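For reference, the structure is listed below as structure tokens.
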Amino acid sequence: MTTQTVGLGVDSAYEAVIGLEVHAQLLTRSKMFCSCSAAYTNAPANGNCCPVCLGMPGVLPVMNRQAVEMTVRTALALDCEIPAFTKFDRKNYFYPDLPKGYQISQYDLPMSLRGHLDFTVNEERARCGITRVHLEEDTGTMHHAGDVLQEATSSLVDLNRSGVPLMEIVSEPDLRSADAAREYLVRLRQLLMYIGVNDGNLEQGSLRCDANVSVRKFGVSELGTKVEVKNMNSFRAVHRAIDFEIARQVAVLEQGGALLQETRGWVETRAATVSQRSKEMAHDYRYFPEPDLPPLQLGRELVERIRSELPELPEARAARLAEQYGLSTYDAALLTASREDADAYEELVDAGVSAKVAANWQMGDVAALANQHHRSLVDSGVGVVGLATLLRLLEDGTINGPTAKELLAELYEHGGDAALLVRERGLGQVSDRAALTVIVDEVIAANAQACEDFRGGKAQALGRLVGQVMKAAGGRAEPALVNSLLRERLSA
Amino acid sequence: MPLSPDDVAHVAMLARLGLSEEERHRIGLQLDVILEHISALERADISDIPETAQVGNLVNVWRDDEPAPSLSQQEALVNAPDTDGEYFKVGAIQE
């Protein structure tokens, strides 16, 4: 594990101790305990609610089976144990976004325990323990009336999000730097998206991260005073907030001060964490078992069925791709960044594109076009099958590289049939030796200076001549053949 | 053990009940009686009985993930003490 040292000198060096609490909305169609749609942003405010998620008296919650299975899937992907018995509890507190006055959550018998996530940070392998993965329900959302918060006389409550399945993933305090915390979150997000349980959107809050941060002098085994940092809605914010908080805590201790166990919010505009005193009030949740929900006994059979349905996970897949297709570790990691990318890559290779060519195009032109058009390859006009056709035309010599590049850009945006376009527009590569020799001779005759430069040892002069030939051949000449013909004729 | 005045004040705060001194005293005495009554349970021998929070003998009661229509916005808001027509309206909450 990489350790971050901060402080004034060797004697006063501190180490950071960080654990993350990640909340992930599950990709179910309906809510956790009622049948309202989980797509809560599609409805007008409070237009996506029923008596259960509005917290009306006398209603009965019923568990969403797929939410339970997704939580087990996540727990298994993180190598957690799944206890034979689990139950829900009520976490009691008052806040207007929580209409029942309690959140249905899990307290002492969560759905899973004791897992871990492995990752690489600053080129070192690291492992962070997972304390637990449990299931609960999301709250509603608050809007504050008026332009200036301090002058607002009322707050507005939208309960569309109330009751959406929310999974909480609690890590052990195993992270020792902001770099490690960010990398853990990057890998966890990738994993959740790979197994299809979360959409990974930190900005919109379908994935949220809080950090427990403390510092202690090296060699000290007791933990320092823990501060909970909230309001970080990007990887960058997580990194900056933790770095800030470590430095703040060290500064307080170095000045002889004492740290307060408190909740602090990251304020992007001030680039600082700020104490949230209101959140300190009454952390007395009086958990007790939820009487309206019978417990769960997730039998071995169910757990093993879910385990058998797990896809190949990102780290394993990257390692296999590197081995199977002779890719560098870096390229394999890039190509497996998302499950969709990795699937596309393997489909290209299965369709007969060479491993190297598929990798280069996917990481190069395709990635650039995806960025430019905000459309992934799968959703683009060309699609994976179209790209495979195009790259096979390139590899069998029907078209040359520049033509493939141009066609790809066009197909990506507008779609179409690569083979048909090549025929219709006569884009086929000119590999006819006799025809190209005529053009090469013309170009040599018209560019005496460049020829003399090349013969005089200026290698780059050849590039100018190649360019002239390509131009005369309408961009379709086979580059390697042009090159060798030019060398041949110039040395004759 | 009787409840201390601080216990009573803490429970009242958690329940968001604004109690006068006189009420805290009176309700404290009543809570003591209730707790004393319930404490009879402590005399039962439960050493052979597994802990449970449920007596219905039900497990794994769940439904498939099928969405169903919700109430309309108007229906959802109809019993609210205050709304702006779209949202529930509550006193200003400042973090």
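Quick notes on this structure:
- Flag if B:VAL61 is more than 21 Å from A:ALA43 (Cα to Cα) and within 7 Å of chain A (Cβ to nearest Cβ): yes
- Qualifying residue in the stretch B:29-36 (condition: outside any helix (DSSP H, G or I) and more than 8 Å from chain A (Cβ to nearest Cβ)): no
- Residue match in the stretch A:241-263 (condition: within 30 Å of A:TYR93 (Cβ to Cβ), in the same structural domain as A:PHE33 (by TED's automatic domain parsing) and within 21 Å of the chain's Cα centre (by Cα)): yes
- Residue check, B:ALA44 within 11 Å of chain A (Cβ to nearest Cβ) and among the aliphatic types (A, V, I, L, M): no
- Helices (runs of 4 or more DSSP H) enclosed by the stretch A:374-483 - at least 2 residues per element that are surrounded by 15 or more Cβ atoms within 10 Å (Cβ to Cβ) and β-branched (Val, Ile, Thr): A:383-395, A:433-446, A:460-472
- Residues that are within 15 Å of A:ARG489 (Cα to Cα) and not small (Gly, Ala, Ser), drawn from the stretch A:450-463: A:CYS451, A:GLU452, A:ASP453, A:PHE454, A:ARG455, A:LEU462
- Candidate set from the stretch B:47-58 (those that are of a type in the set (A, V, I, L, M, F, W, C) and at the interface with chain A (Cβ under 9 Å from one of its Cβ atoms)); member that is nearest to A:PHE88 (Cα to Cα): B:ALA53
- When the stretch B:64-95 is limited to residues that are aliphatic (A, V, I, L, M) and facing chain A (nearest Cβ under 7 Å), the one that is farthest from A:ARG161 (Cα to Cα) turns out to be B:ALA92.
- Enumeration of residues in the stretch A:189-205 that are surrounded by 21 or more Cβ atoms within 10 Å (Cβ to Cβ) and touching a strand residue (DSSP E or B) at 6+ places or on another chain (Cβ under 6 Å): A:LEU192, A:ASN198
- When residues of the stretch A:112-125 are limited to those that are at pLDDT 95 or above and not charged (D, E, K, R), the one surrounded by the most Cβ atoms within 10 Å (Cβ to Cβ): A:SER112
- Residues in the stretch A:185-234 that are under 14 Å from the mean Cα position of the chain (by Cα) and aromatic (Phe, Trp, Tyr): A:TYR194 only.
- For A:GLU123: the one exception among (1) within 12 Å of chain B (Cβ to nearest Cβ); (2) of a type in the set (Asp, Glu); (3) free of Cβ contacts under 8 Å to residues at least 24 places away in the same chain: (1)
- The residue that is farthest from A:TYR194 (Cα to Cα), among those in the stretch A:340-355 that are surrounded by 15 or more Cβ atoms within 10 Å (Cβ to Cβ) and out of contact with any helix residue (DSSP H, G or I) (no Cβ under 7 Å at 6 or more places or on another chain), is A:GLU346.
- If you filter the stretch A:341-352 down to residues that are farther than 10 Å from A:VAL384 by Cβ and not acidic (Asp, Glu), you find that the one that is modelled with the highest pLDDT is A:ALA342.
- B:ALA15 vs. criteria surrounded by 11 or more Cβ atoms within 10 Å (Cβ to Cβ), at the interface with chain A (Cβ under 9 Å from one of its Cβ atoms), within 30 Å of A:SER275 (Cβ to Cβ) and not polar (S, T, N, Q): yes
- Residue in the stretch B:70-79 that is within 22 Å of the chain's Cα centre (by Cα) and either part of a loop (DSSP other than H, G, I, E, B) or modelled with pLDDT of 90 or more (or both) present: yes
- Filter pass, A:GLN276 being surrounded by fewer than 17 Cβ atoms within 10 Å (Cβ to Cβ), over 23 Å from A:THR74 (Cβ atoms) and either within 14 Å of another protein chain (Cβ to nearest Cβ) or touching a Lys or Arg at 6+ places or on another chain (Cβ under 6 Å) (or both): yes
- Qualifying positions in the stretch A:131-143 - within 14 Å of chain B (Cβ to nearest Cβ) and not in a strand (DSSP E or B): A:THR139, A:GLY140
- From the options A:LEU78, A:LEU109, residue that is out of contact with any helix residue (DSSP H, G or I) (no Cβ under 6 Å at 6 or more places or on another chain) and within 11 Å of chain B (Cβ to nearest Cβ): A:LEU109
- In a residue-by-residue description of the stretch A:144-153, the property of being part of a strand (DSSP E or B), assigned by TED's automatic domain parsing to the domain that holds A:LYS91 and either in contact with a Leu (Cβ under 8 Å, 6 or more places away or on another chain) or without any contact (Cβ under 8 Å) to a residue 60 or more places away in the chain (or both) applies to at least one position.
- B:SER39 being more than 8 Å from chain A (Cβ to nearest Cβ) and of a type outside the set (A, V, I, L, M): yes
Per-residue answers, yes or no, for (1) within 21 Å of the chain's Cα centre (by Cα); (2) under 26 Å from A:ALA75 (Cβ atoms); (3) among the acidic types (Asp, Glu):
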residue: A:LEU98; (1), (2), (3): no, yes, no
residue: A:ASP108; (1), (2), (3): no, yes, yes
residue: A:VAL121; (1), (2), (3): yes, yes, no
residue: A:ARG125; (1), (2), (3): yes, yes, no
residue: A:THR139; (1), (2), (3): no, yes, no
residue: A:MET142; (1), (2), (3): no, no, no
residue: A:GLU183; (1), (2), (3): yes, yes, yes
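Conditions tested, residue by residue: (1) more than 26 Å from A:VAL164 (Cβ to Cβ); (2) in contact (Cβ under 8 Å) with a residue 12 or more places away in the chain; (3) assigned to a helix (DSSP H, G or I); (4) hydroxyl-bearing (Ser, Thr, Tyr).
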site	(1), (2), (3), (4)
A:THR225	yes, yes, no, yes
A:VAL238	no, yes, yes, no
A:ILE242	yes, yes, yes, no
A:ARG248	yes, yes, yes, no
A:GLY256	yes, no, no, no
A:LEU259	yes, yes, no, no
A:TRP266	no, yes, no, no
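- The set of residues from the stretch A:50-71 being under 20 Å from A:SER105 (Cβ atoms) and either at the interface with chain B (Cβ under 8 Å from one of its Cβ atoms) or of a type in the set (Asp, Glu) (or both) comprises A:LEU54, A:VAL62, A:MET63, A:ASN64, A:ARG65, A:GLN66, A:ALA67, A:VAL68, A:GLU69.
So that you can scan it fast, the table gives a plain yes or no per residue for (1) within 28 Å of A:CYS80 (Cα to Cα); (2) modelled with pLDDT of 95 or more; (3) more than 14 Å from chain B (Cβ to nearest Cβ):
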| position | (1), (2), (3) |
| --- | --- |
| A:GLY146 | no, no, no |
| A:ARG161 | no, yes, no |
| A:VAL186 | yes, yes, yes |
| A:VAL197 | yes, yes, no |
| A:LEU223 | yes, no, yes |
| A:ASN231 | yes, no, no |
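The values are calculated or read from the model by the stated rules, or taken from the named source; none is laboratory data. Quick caveat, the model's predicted, so the values are computed rather than measured. Ideal geometry is used to build each Cβ from the backbone, glycine not excepted, and the neighbour counts take in all protein chains shown.
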